[in-house]
Amino acid sequence: MTGTPASLDSSPEEIEHSADTKDSPEKIAEKELPSESKQSNSPEDRPTKQVVQPPSASAKQTLKNVKVFFPKTPESAQDFTAVKPVWRTTSSEGVARFALEQLIAGPTTQERQNGVTAAIQLSGNSNCGRDFTLSIERGVARVKFCRDVVSAGIGDDARAQSAIEATLKQFSTVQSVVLLNKNGDCLVNASGDNRCLGSLGTQPKLTRNSQLAINGIGPVNIGMTVEQASQAAGIQLVPFKPNPNRICDYYKLAGEPDGVFFMVTNGRIARVDIETDDITTVSGAKIPDPEESVQSLYGGNLQVSRLPNSTEGHFLTFVPNSNSDRNFRLKFATKRGRVTTMSAGQLPEIDYIEGCLDVRPD
């Protein structure tokens, strides 16, 4: 979906895009001002309403077809990157802004019946007179939401991010996307250090500072293909201990950090295993923390069970409250009261005691 801008030095006021020529021969022109200059209280800048603009005789020569990418159902429940495009038609010069407005407005009833669902929901008052501001410069689309973004958990955040990025990256001048909340902080900011600002919209590389969450590690999400994960991590994932079954394989990073392993089932990452004390979870747990420390971090959401065939160890399993994250778990294995390994991933793979050996051919 990404492309190369005609000129990386072009002013954001005069940016030209092209639609997918296979599906739409129309040439799409995008004119966007820097975000600081686009705060207005005019009627067209008030919170978005869903509009599918009908063609008119006077607009036929300037109509543009634009894709809007919504989370695909039911696939996006497991694969947060699964999106499906629908078409919108507009005579607006600001097609990227129009596409994002339509994404916020949500799919029509017919589109929902055809397998897509809403990507993002906003609430509360705007602090800029509109739903969001948008600027595009040197390949980076910068979106700052001016209202509160409603989230039911990590899964919702990841689905929204995937839909927004796919919608904006259809335009040839957008290679990366920065998403900010109304306070100017990174919208998805689990690490708390606003990495998206320092990286100018590119995903942070997978490093020793990356943190383990229930849906992945750092920029790598459960549900990604190996190619997608390698691109997000900035480090190639290479095979490690291939399983004769080949439905399930292990991969590791071609470089640092060591001790990070990926279980891949049916071509997609299903689980991340950590065997190094360099990596912490989002809440701060790490190897070789005592069990009591992990229990204090995760409280009543932690389930404790015995390790099979062991009298010295436990599984400590974090079960999220959020319905959108119900298929994900964070699991700690302990021995003699201390964490020895950490894993994060989807059901059922997160519960495989023997890893890929527990996977059976259909």
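For the reader, a short list of remarks on this structure follows.
- Stretched out straight at 0.36 nm per residue, the stretch from V319 to T109 would grow longer than its current Cα-Cα span by 72.3 nm.
- Listed by Cβ neighbour count within 10 Å, with the fewest neighbours leading, F132, F240 appear as F240, F132.
- Subset of K84/K144; K169/K331; K67/K144 violating a 27 Å alpha-carbon distance limit: K169/K331
- Highest-first arrangement of 212-225, 273-286, 165-178, where packing means the average Cβ count within 10 Å: 212-225, 165-178, 273-286
Throughout, read-outs are computed from the coordinates displayed, never taken from laboratory work. Bear in mind that the values here come from a model prediction, so they are computed numbers and not experimental data. Neighbour counts run over all protein chains shown; Cβ positions are idealised from the backbone, glycine included.
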